[in-house]
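Below: one structure, written as structure tokens.
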Amino acid sequence: MFDRIKRSFIRKGLEDRHAQRLLRRLKGIKPLSGVEIEVDGKRMLNFSSNDYLGLSNHPLLEERATEFIRRYGSGSTASRLVCGNYECFELVEKKIAELSGRQSALIFNSGFQANASLLPSLADRETTILSDRLNHNSLIQGCLLARCHIEPFRHNDMGHLEELLKRYRARGKDSRILIVTEAVFSMDGDQSDIDALIGLSRDHDAFLFVDEAHSAGLFGRNGMGLTSWKDVDITMGTLGKAAGSFGAYVACDTEVRDYLINFCYGLIYTTALPPSVLGAIDAAMDLIPAMDREREELFKMADHLRNALQGLGFNTSTSSTHIIPVVIGDEEETMALSGWLENNGILAVTFRYPSVARGDSRIRLTLSAAHTWEHLELLIDLLRKWSLTEQPAGG
Ligand SMILES: Cc1ncc(COP(=O)(O)O)c(C=O)c1O
């Protein structure tokens, strides 16, 4: 009896999701080579991974991960403030800081953990966070945990952001304002205007926080993101996507780093990343600055794919990068297209509510330097067939 009451919300939650055809399940994945994987035993070409530079199975990352395990062991045994701050952390942080043109860097265990704990450490109850309307869930969770006033600004709308900055700055010169945004947006693949953000943050004395999860490794000087070598208070970059490893980093000045070591609970109260991961990150940082040719080819392929999709009548939203959404709108139709591609050996995962707004369902295509032009033609050909013979595409 009690059992039924205490667990009824779980059953109802699952039943509701099932009824709305939004129930998710984990698939069994086996990586094969490059961009090929096995999904529930079926071989497929992957257009859904964030391994943008194809580094996740690079031999140098594997070698350095093994070397770091041999040198430091398989675990770091404690949080960095206790006794987990092995020399490899500071070594890797020094590399990241130098490549990003910043005084310092600080490794976090994941991008989600960084975002969810950085924002509460930067805000007090009187703070206002101005947050782009399309920010990732980890930033939204960080905002909620900050327990301060959150004001979303219209996506990428610098005019609206300025209006809000003026309004909140007028409340008193001592009030703390944080601008929180992404450099490349995860669902639409469009870019922020970093120079405009820096200008606004300077003019209105607002702290600027930029999430480079989908741009670190791909844009800017040394490939370290759109904020690389720029005057941003905090850059948060992830290491599980283009860097082919795991974890995240903050690039900032030494004062901000010292502050975070003292006030950011997501760094203080967690076991430090294992040395193997640090080894892989270290190797990625040696490779990324020299990958201009791969980045150039990746963006050429992205332009080609986007143009081809638009030519077929698909809606690619505001994408201008290697992330290309195919916005269908209707959930059933999006699922049907994804299922049809899957039947034809292409993994192109759907993103539906609550990952995007209702009625904004899409397939999110992500390109990697490990894709070839033949892979692209295969995908375009299938989408052409779909648009001609199956359902009207668009959105
Ligand atoms: C914009 C953005 N920030 C942060 C994260 C979380 O990063 P991580 O996967 O390292 O937890 C993601 C993950 O997809 C993301 O898209």
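The values are calculated or read from the model by the stated rules, or taken from the named source; none is laboratory data. Everything quoted here is computed from the prediction, not taken from an experiment. Methodologically, a virtual Cβ is constructed for each residue, glycine included, from the backbone with ideal geometry; neighbour enumeration extends over all protein chains shown. Protein only, heavy atoms only, side chains kept; ligands, DNA and RNA dropped before computing areas. Shrake-Rupley method; radii C 1.70, N 1.55, O 1.52, S 1.80 Å.
Taking the protein heavy atoms of the chain in the context of the full set of protein chains, the accessible area attributed to carbon and sulfur is 52 percent at 1.4 Å.
Label sites at ASP381 and ARG125, each approximated as a point 7 angstrom past Cα along Cα to Cβ, lie 6.4 nm apart. From the Kirkwood radius over Cα pairs of the stretch 1-55, Stokes-Einstein at 10 °C and 1.306 mPa s returns a whole-number translational diffusion coefficient of 111 µm²/s. Taken over the stretch 173-293, the ratio of Cα radius of gyration to 2.2 N^0.38 Å equals 1.11. For the chain, the share of DSSP beta bridges that are antiparallel, to the nearest 5, is 60%.
Can you say what percent of the DSSP beta bridges in the stretch 92-239, counting only those with both residues inside, are antiparallel? Round to 5. Here the antiparallel bridges make up roughly 5 percent for the stretch 92-239. In this structure PHE263 has an accessible area near 110 Å², from a 1.4 Å probe over the protein heavy atoms. With Cα atoms as the point set, the radius of gyration and Dmax of the stretch 9-148 evaluate to 20.3, 53 Å.
Rolling a 1.4 Å probe over the protein chains gives ASP303 an accessible area of about 80 Å². Using a 1.4 Å probe and ignoring any ligands, DNA or RNA, find the accessible area of LYS27 and quote it in Å² to the nearest 10. Spelled out: LYS27, probe radius 1.4 Å, area about 80 Å². Accessible-area rank, largest first, for ARG221, ARG364, ARG17: ARG221, ARG17, ARG364, with all protein chains present and a 1.4 angstrom probe. The stretch 52-132 has equivalent-ellipsoid semi-axes of 29, 18, 13 Å, by the square roots of 5 times the alpha carbon gyration tensor eigenvalues, sorted largest first. In the chain, the calculated helix contribution to ellipticity at 222 nm averages -13500 deg cm²/dmol per residue, counting -39,500 (n - 2.57) for every DSSP H run with n ≥ 4.
Scaled to the globular estimate 2.2 N^0.38 Å, the Cα spread of the stretch 133-186, given as radius of gyration, is 1.17. Annotation note: GluC sites (Glu not before Pro) in the stretch 55-155 located in DSSP loop regions with a Cβ neighbour count of at most 15 within 10 Å are GLU126.
Kindly identify the chain as rounded, prolate or oblate by the Cα gyration tensor criterion: order the square roots of the eigenvalues as a ≥ b ≥ c, call it rounded if a/c is under 1.5, otherwise compare a/b with b/c, prolate if a/b is larger, else oblate. Rounded. Spatial offset of the stretch 261-329 relative to the stretch 227-248 amounts to 10 Å, using the alpha carbon center of each. Ranked by solvent-accessible area (1.4 Å probe, protein heavy atoms only, all chains present), the residues THR227, THR271 order from largest to smallest as THR271, THR227. Using the Cβ of ASP195 as centre and a radius below 12 Å, the other residues enclosed give a net charge of 0, where K and R count +1 and D and E count -1.
Cα centroids of the stretch 27-49 and the stretch 145-177: 43 Å apart.
Counting only protein heavy atoms and a 1.4 Å probe, the chain has 46 square angstrom of accessible area per residue.
Protein-only accessible surface at a 1.4 angstrom probe places the residues THR372, THR181 in the order THR372, THR181, largest first. Loop-located chymotrypsin sites (Phe, Trp or Tyr not before Pro) in the stretch 101-205 (DSSP state other than H, G, I, E, B) with a sparse environment of at most 10 neighbouring Cβ atoms within 10 Å are absent. Considering only lysines 8 or more places apart in sequence, or on different chains, count the pairs in the chain whose C-alpha atoms sit under 26 Å apart. Summing the qualifying lysine pairs gives 17.
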